[in-house]
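> Following this message is one structure expressed as structure tokens.
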Amino acid sequence: MEIETDMPTPPTLELVYFDGCPNAVKARENIRSAVTQAFDRPIEWVEWNLSKESTPDVFKRYGSPTVLVDGRDVTGEGPGNSAMACRADGAPSVEVIAAKLG
């Protein structure tokens, strides 16, 4: 028997960052706040550390921090030519992330 629920399936949420980027901490805080605004429950997200060899190549051209919802950068930018750099615009805001989640 299948149980029906009114809760929509949450989108895929990912954070791309590297250790030492000062904006990564703020991005995590903003993700937590945006999830709280968009959902009545916590949702999980995946973090991809650009410093780790195990991080898939597809993420290695994003700057740090990048927040992806369903594989798309919440700021509308795509991957660049190189990563391992902090994004000049810092962490995406709570409002920008929440808008993409909702």
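> For the stretch 21-31, state whether one or more residues are modelled with pLDDT of 90 or more, more than 20 Å from ASP89 (Cβ to Cβ) and not acidic (Asp, Glu).
No, the conditions are met nowhere in the stretch 21-31.
> Then there's this: Exactly one condition in (1) at pLDDT 95 or above; (2) touching an Asp or Glu at 6+ places or on another chain (Cβ under 8 Å); (3) surrounded by fewer than 15 Cβ atoms within 10 Å (Cβ to Cβ) is false for VAL67; which is it?
It fails just one condition, (3).
> Within the set of pairs 6+ apart or on separate chains, which have a first residue in the stretch 31-60 that is more than 17 Å from THR75 (Cα to Cα), a second that is surrounded by 14 or more Cβ atoms within 10 Å (Cβ to Cβ) and among the acidic types (Asp, Glu), and C-beta atoms under 9 Å apart?
TRP45/GLU14; VAL46/GLU14; GLU47/GLU14; TRP48/GLU14
> Could you grab the pairs with beta carbons closer than 7 Å, sequence gap of 6+ or different chains, first residue in the stretch 76-96 and over 16 Å from ILE31 (Cβ atoms), second one modelled with pLDDT of 85 or more and of a type in the set (A, V, I, L, M, F, W, C)?
Listed by first residue and then by second, the contacts come to ALA83/LEU50; MET84/PHE18; MET84/LEU50; CYS86/CYS21.
> For residues in the stretch 35-68 being in contact with a strand residue (DSSP E or B) (Cβ under 7 Å, 6 or more places away or on another chain) and part of a loop (DSSP other than H, G, I, E, B), which is farthest from ALA88 (Cα to Cα)?
This residue is ILE43.
> In addition: Which number in (1) closer than 19 Å to CYS21 by Cα; (2) surrounded by 14 or more Cβ atoms within 10 Å (Cβ to Cβ) marks the one condition that SER51 misses?
(2)
> Can I ask one more? Please go through the stretch 78-99 and give me each residue that is surrounded by fewer than 14 Cβ atoms within 10 Å (Cβ to Cβ) and within 19 Å of PRO11 (Cβ to Cβ), ordered by number.
If the condition is that a residue be surrounded by fewer than 14 Cβ atoms within 10 Å (Cβ to Cβ) and within 19 Å of PRO11 (Cβ to Cβ), then GLY78, GLU95 are the ones that fit.
The values are calculated or read from the model by the stated rules, or taken from the named source; none is laboratory data. Everything numeric here is computed off the predicted structure, so don't read it as measured data. All Cβ positions, glycine included, derive from the backbone under ideal geometry; neighbour counts span all protein chains shown.
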